[in-house]
Amino acid sequence: MELFLYTALFAPFVGSLFAAIFGASPKTIIAGIIPSILLGVSLLSSTVLLVHVLSTGEAVHVEMMTWMHTGNLYIPFGFLVDQVSVTMMMVVTVVSTVVHVYAIGYMSHDKAFNRFFAWLSAFVFSMMILVMSDNFAGLFIGWEGVGVCSWALIGFWYHKESATWAANEAFIMNRIADLGMLIGIFLVYWNTGTLQYHEAFEAMKHLDTGILTTIGIFLFIGAMGKSAQFPLHTWLADAMEGPTPVSALIHAATMVTAGVYLVVRSNELYSLIPNVGLFIASLGAFVAVFAATMALVNRDIKRVIAYSTLSQLGYMFAAAGLGAYWVALFHLMAHAFFKALLFLGGGNVMHAMSDELDPFKMGGLGKTMKATMILMTLASVALAGLFPLAGFFSKDMILEAAFSEHHFIIYTVLLFTAGLTAFYSFRIIALIFHGEDRHTALGFHPHEAYPFMIKAMIPLAILAAIAGFARPYYFDMVIAVLPETEYHIHSAMTYWTMTIGTQLFVIAAIYFAYKKYMSSDIKVPDGTSEMENSFKYKLLINQYYIPYFYEEFLVKPYRALSRVFWKDIDMKIVDGTVDGIANIIYNTGENTRGMQSGNLSTMLKWMVAGLVILLSLAVIFGLTVKYSGV
Amino acid sequence: MFEAIAFYLFAFLTISMFYIVVTTQQALYALTALAAGMIFISAFFFILGADFLGAVQIIVYTGAVMALYAFGMMFFDTTRDVKEKQGNKFIIVGLSTLSAVLVVLIVSAPIVSDNIVALYPVVDGIGNTQEVGVVLFTKYLIPFEVAAVMLLVAMVAGIVLAGKKMDLSLTLMNDAEIRELNEEKNKKELS
Amino acid sequence: MEIGLSHYLVLSTILFAIGLVGVMKRKNLLLLFFSTEILLNSVNIAFAAISHYYGDLTGQMFAFFVIAIAASEVAVGLGLLIVWHKRHNNIDLDTMSSMKG
């Protein structure tokens with residue numbers, strides 16, 4: 001099994017190196033194919049590991065080598081494939097393989113094709129380290145690795161200023177959060193003396209609740225940054241500047257779920273501190289509704305999907321915070337499939353429309369892009385949580401968990417969000433594919449994507465459709481490591497009322513979306529309609545003015561402060577000191593150059609002056625020795 | 001009493017002679033004054049009982065060194081062309097006085113002189129010359145030999161340096177000959 | 001009135017100072033050599049005096065070596081002086097500036 005483990009881990013790395021060799025040379029298709037094949041190999045190895053874990057119920061644990069061993073600190077490069085990490089590995093490898101194949105088509109006209117695959121595979125490698133590591137230090141390496149790959153991929157089109165800005169924003173926000181994470185890890189080591197998950201969690205059972213709360217909060221700050229939870233959420237929507245496959249892989253399916261993975265992985269810690277768990281759940285529910293409202297009005301397909309991702313991450317945190325870790329992980333998996341599918345579909349639309357992202361300028365694309373329409377509609381149905389697609393099983397479970405834990409406020413919020421989710425998902429579906437043809441007038445000539453791109457998306461579509469039925473098997477598997485919490489509504493009556501009620505609510509929302517946005521009098525908004533000038537609309541389209549707030553109250557004062565440090569402290573004090581020393585030496589040389597006139601008489605005078613100085617020193621030292629009492 | 005009178009007398013004479021050496025414009029006066037000063041210094045050596053040193057002082061300095069200088073002066077007209085223009089007199093005198101004061105301070109303050117023990121004590125009843133000879137040829141034999149070699153080297157160097165082109169004398173040549181000589185020299189330097 | 005070591009040392013110092021004045025003041029190379037002779041002799045007096053008052057012959061030994069060094073210095077110095085005079089036709093210190101930095 002070790003062989004498969006190493007293959008699964010290092011195949012993306014080899015692919016990345018291979019593509020990196022061609023980094024500076026012109027586009028070669030081989031630089032895309034080889035990494036994709038290697039990812040396929042990684043996927044197969046992960047599948048073997050999954051079968052192994054399923055059939056034997058045992059985790060595979062290897063220690064590749066010692067990384068640090070000083071004093072009591074022992075950190076190996078250890079890898080653990082248990083029921084949780086194998087789930088993540090499957091998600092990562094499936095989605096990334098699909099995205100790689102898709103990207104061969106999507107990026108085929110890009111000059112930096114080779115560089116793209118080098119970074120994309122490097123990302124997968126980092127993500128694998130993140131999920132497979134058996135200690136916090138390895139997790140942190142992967143954590144930073146995905147951060148840097150994400151930075152490079154968001155800023156992939158670095159000639160666009162908005163892309164570099166978004167990349168830096170994402171990176172800096174993640175750094176802020178990573179500081180919290182790092183403190184959390186330090187606290188873990190400080191209090192337990194180890195970073196290995198197993199030993200650390202074992203030791204935590206005997207620790208004080210106060211310390212555990214601190215650790216839990218700091219680790220969660222790290223998770224908040226990576227998973228873009230409020231108030232560190234603004235980077236995710238801006239990260240859509242990257243190529244669409246990147247958005248599908250990193251900012252929907254894998255990297256942003258790392259925070260959820262961290263909380264799930266630390267379930268033993270969070271089980272001990274239910275107050276922090278409740279906070280996480282509340283924050284998750286808040287983010288779910290908060291992001292969903294922003295998605296209602298946005299006029300950028302990718303941003304709408306990004307907000308939807310944010311909202312679904314809120315769901316996951318709500319589930320994890322309530323102690324339903326397996327539900328959170330299950331929703332993570334289901335969400336990865338349909339959200340990646342949705343993004344890739346969005347990528348097709350974007351390609352067809354020559355990078356136009358405003359759905360109001362589309363309309364009636366269903367005629368030319370039938371396959372994409374079907375796939376995206378399927379993904380949206382799954383996202384909305386309609387039976388029998390994956391979203392129904394996972395999202396419904398979260399609602400049930402909230403209900404049966406008697407957190408009715410969270411339940412209500414999440415239920416309301418489910419309606420919003422259905423509405424905004426079908427709003428863009430309706431605007432893009434149905435209704436009047438608005439794009440021809442604007443000079444667009446859409447065409448369907450390459451057939452192999454569509455075929456590459458089909459596995460995701462199948463998984464998005466049927467993954468929900470795997471829930472019982474999945475439950476049997478993960479309870480080996482996660483708390484076995486089954487949620488049953490006590491009376492069958494309540495259960496059916498809830499389920500059917502939710503379904504009806506969602507269907508009503510979908511119907512409303514279709515009705516509103518399929519009508520023929522939809523125009524490209526020009527900022528004159530009554531709705532666009534209402535306060536609510538302005539609040540939502542400006543993302544609750546939070547980016548504005550950050551800009552005004554954090555970025556600008558910080559910039560002013562930096563300027564003070566630059567102009568006054570660095571230029572005047574630090575540079576001044578250095579320049580001053582140089583000037584002193586220079587002036588000394590300049591002024592004493594006259595001494596070296598070559599005139600013997602002058603030199604003799606200086607010699608006598610030196611003699612006088614030496615004699616004075618002799619006298620001074622002599623007197624010092626005499627009177628110092630030695 | 002006699003010793004004191006002798007000391008002050010010779011001190012006065014020595015200082016006067018050396019003062020003349022450093023102030024006079026005439027090289028010949030300076031040479032004469034220096035020779036006289038050397039002889040007066042030997043008087044101190046006799047007062048201090050260093051008879052052999054006194055004799056050596058007279059022979060070497062007034063005999064050899066002064067004769068050497070006198071011969072050297074014969075080669076060229078030293079008084080010619082040298083203008084003794086001065087910058088700041090205060091600096092010169094000030095520095096000298098300061099160093100003198102500091103040296104006095106060092107030697108008069110009982111910093112170093114407290115615990116000096118004689119390495120080679122003077123033995124009463126034996127002549128100074130004999131004592132000096134014994135010490136010089138036992139304890140200081142190697143420095144003595146080194147000094148001898150050094151003198152030899154200096155002698156050879158003096159002859160080689162001064163003996164180049166002894167047959168030529170710029171003062172006796174006319175201008176055309178000097179120009180010819182210079183051209184030859186330039187040619188040699190260029191090649 | 002007893003003549004002690006200090007008297008000799010003060011005399012030696014005075015002579016040394018005169019020598020220093022000469023060294024700094026003289027522009028004539030030959031007279032510069034004379035000044036160095038004064039410096040050496042002033043030190044010799046100090047050596048002899050110390051030798052006498054401490055009853056130690058080492059001082060006199062050093063005086064001998066100083067004399068030997070002075071003699072060699074004169075020999076080499078005069079040789080150089082003659083060479084210089086032959087080449088430049090003067091022995092003015094102010095014209096010697098080939099060591100100018």
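The values are calculated or read from the model by the stated rules, or taken from the named source; none is laboratory data. Please read these numbers as outputs of a predicted model, since none were measured by experiment. Cβ placement follows ideal geometry from the backbone for every residue including glycine, while neighbour counts extend to all protein chains displayed.
Quick notes on this one:
- Verdict on C:L15 being within 14 Å of chain A (Cβ to nearest Cβ), in a helix (DSSP H, G or I) and either under 14 Å from the mean Cα position of the chain (by Cα) or within 25 Å of B:A148 (Cα to Cα) (or both): no
- Given (1) over 21 Å from A:L313 (Cα atoms); (2) surrounded by 15 or more Cβ atoms within 10 Å (Cβ to Cβ), number of the condition A:T502 does not satisfy: (1)
- Applying the criterion of being of a type in the set (F, W, Y) and assigned to a helix (DSSP H, G or I) to the residues of region A:226-275, the residue that is nearest to A:A464 (Cα to Cα) is A:Y261.
For (1) within 25 Å of A:V608 (Cβ to Cβ); (2) buried (at least 24 other Cβ atoms within 10 Å of the Cβ), each residue gets a yes or a no:
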site: C:L5; (1), (2): no, no
site: C:M24; (1), (2): yes, yes
site: C:H52; (1), (2): no, no
site: C:M61; (1), (2): no, no
site: C:L93; (1), (2): yes, no
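- Residues that are in contact with an Asp or Glu (Cβ under 9 Å, 6 or more places away or on another chain) and either at pLDDT 85 or above or at the interface with another protein chain (Cβ under 7 Å from one of its Cβ atoms) (or both) number at least 3 in the following helices (runs of 4 or more DSSP H) confined to region B:1-115: B:2-23, B:27-47.
- Condition met for C:L78 (among the hydrophobic types (A, V, I, L, M, F, W, C) and either facing another protein chain (nearest Cβ under 7 Å) or buried (at least 22 other Cβ atoms within 10 Å of the Cβ) (or both)): yes
- Filtered by the rule that a residue be under 12 Å from the mean Cα position of the chain (by Cα) and of a type in the set (V, I, T), region A:134-176 gives A:V146, A:V148, A:I154.
- So A:M132, is it touching a strand residue (DSSP E or B) at 6+ places or on another chain (Cβ under 7 Å), among the hydrophobic types (A, V, I, L, M, F, W, C) and crowded, with 24+ Cβ neighbours inside 10 Å: yes
- If the condition is being part of a helix (DSSP H, G or I), hydrophobic (A, V, I, L, M, F, W, C) and more than 30 Å from B:K89 (Cβ to Cβ), then region A:601-630 contributes A:F621, A:L623, A:V625.
- Matching entry among A:M595, A:M603 (being at pLDDT 80 or above, closer than 30 Å to C:S35 by Cα and not hydroxyl-bearing (S, T, Y)): A:M603
- First in region A:484-505 and of a type in the set (A, V, I, L, M), second anywhere and not in a helix (DSSP H, G or I), Cβ under 8 Å, 6 or more apart: A:M498/A:I489
- Applying the set (1) under 29 Å from B:K89 (Cα atoms); (2) facing another protein chain (nearest Cβ under 7 Å); (3) of a type outside the set (D, E, K, R); (4) surrounded by 22 or more Cβ atoms within 10 Å (Cβ to Cβ) to C:N89 leaves exactly one unmet item: (4).
- All of C:I69, C:I45 fail the test of being more than 7 Å from chain B (Cβ to nearest Cβ) and hydrophobic (A, V, I, L, M, F, W, C), apart from C:I69.
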